[in-house]
Amino acid sequence: MKILNAYSKFLDKLTKVLKAVLIAMLAVMVLIMFYQVIMRYVFSSAKPWAEELTLYISIFMIMLALGIASRNDSHLQVDFLTRMYKPRMRCFMTAFWSVVSIIVMALFAYFSISLMGHATARSVTLPITMAQVYTAFPIGAVILILYSIEIAARNIVGFKNGGELPAFPSEQNGGGEA
């Protein structure tokens, strides 16, 4: 249990860093799109790089936020069956699907790294390669794996405790959301 709490504290810190990065990326996206709107509608001179850069930033944001969404149980999911289970079975199923998620994301990371090695195309309007854009995929996969390990471990402990999940360290200390 101490290992799980230490790991959860590490993920709390990672979550804070990721949230700060995501906020900065969202701010950059807003500024770029504001610039694009001004250039297009005021000066009639749209900049094609703005839309492309915004697309690439949004890809990175999605991949970085996957783990946080999973940890908060706010990831897109069909959970009507899971909600019908008793708490102990719900813990088992969540742990099982977290392990499946770890396996799938490990494969995804492996193949996305392979894709990066084969990507020779360049961005149309920016001085970057598609391999650089594709770095979002293994990074996001590793982050999701880190969070899925915690989800699986917490639910295994919950399964052993009759369906009662252990609290996050921040919840035990009376802290707020990470």
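Using only Cα atoms, find the angle between the long axis of helix 48-71 and the longest principal axis of the chain, and express it within 0 to 90 degrees, rounded to the nearest 10.
With both axes taken from Cα atoms, the answer is about 0 degrees.
Comparing 99, 142, 124, which has the greatest mean-square fluctuation in the GNM of the chain with Cα pairs linked when under 10 Å apart?
Sorting by GNM fluctuation, first place goes to 124.
So which chymotrypsin sites (Phe, Trp or Tyr not before Pro) in the stretch 81-115 end up in coil per DSSP with only 15 or fewer other C-beta atoms within 10 Å? Intermediate results must be reported in sequence, preceding the final value.
Details: sites: 85, 92, 96, 97, 108, 110, 111; in loops: 85.
Within the stretch 81-115, the qualifying chymotrypsin sites (Phe, Trp or Tyr not before Pro) (loop, at most 15 other Cβ atoms within 10 Å) are 85.
What distance in nm lies between label points placed 7 Å from Cα along the C-beta direction at residue 19 and residue 78?
3.2 nm
Which loop-located trypsin sites (Lys or Arg not before Pro) does the stretch 12-50 contain, where loop means any DSSP state but H, G, I, E or B and the Cβ has at most 10 other Cβ atoms within 10 Å?
Values: sites: 13, 16, 19, 40; in loops: none.
Passing both the DSSP loop test and the Cβ count: no residue.
Quick one: what are the phi-derived ³J(HN,Hα) couplings along the stretch 34-46, Karplus 6.51/-1.76/1.60 with θ = phi - 60°, whole Hz, x for glycine and proline?
Each residue's phi maps through the Karplus curve to give 4, 4, 4, 5, 4, 5, 6, 9, 9, 9, 6, 9, 5 Hz.
Put a dot 7 Å past each Cα toward the Cβ at residue 6 and residue 100; how far apart are the dots in nm?
3.2 nm
In nm, to one decimal, how far is the modelled label at residue 59 from the one at residue 86, with both set 7 Å along Cα→Cβ?
With each label placed 7 Å out from Cα toward Cβ, I get 4.8 nm.
Pairs of lysines 8 or more apart, or on different chains, with alpha carbons under 20 Å: count those in the chain, would you?
Taking the chain as the scope, the lysine pair count is 4.
Using the Karplus equation 6.51 cos²θ - 1.76 cosθ + 1.60 (θ = phi - 60°), what ³J(HN,Hα) coupling, rounded to whole Hz, does each residue of the stretch 154-169 give in order, writing x for Gly and Pro?
So the Karplus estimates, Gly and Pro as x, are 4, 6, 5, 4, x, 4, 5, 9, x, x, 9, 6, x, 6, 5, x Hz.
Nearest 20 debye, what's the magnitude of the dipole of the chain about its Cα centre given +1 on Lys and Arg Cβ and -1 on Asp and Glu Cβ? Each step should come with its number before you reach the end.
Numbers: 15 positive and 9 negative charges, 55 e Å.
Charge dipole of the chain: 260 debye, to the nearest 20.
So if I average 1/r over every pair of distinct C-alpha atoms in the stretch 46-98 and take the inverse, what Kirkwood radius in Å does that give? Intermediate results must be reported in sequence, preceding the final value.
Numbers: mean 1/r = 0.0731 Å⁻¹.
Hydrodynamic radius (Kirkwood, Cα only) of the stretch 46-98 equals 13.7 Å.
For residue 122, list long-range residues whose amide hydrogen, built 1.01 Å from N in the peptide plane, is under 5 Å from its own amide hydrogen.
Long-range HN contacts for residue 122: 130.
From the alpha carbon gyration tensor of the stretch 18-171, can you work out the equivalent ellipsoid semi-axes (sqrt of 5 times each eigenvalue) and give them in Å, largest to smallest?
The answer is 39, 19, 12 Å, longest axis first.
Towards the positive end of the charge dipole of the chain, with charges on Cβ (+1 Lys, Arg; -1 Asp, Glu), say which of 49, 132, 113 has the farthest Cα.
Of the candidates, 113 comes out farthest on the positive side.
Rounded to the nearest 10 degrees, what's the angle between the helix 87-118 long axis and the longest principal axis of the chain, both from Cα atoms, 0 to 90?
The answer is roughly 30 degrees.
No value in this document is a laboratory result; all are computed from the given coordinates. Since we're looking at a predicted model, the values are computed, not measured. Note that each Cβ is placed from the backbone with ideal geometry, even for glycine, and that neighbours are counted across all protein chains shown.
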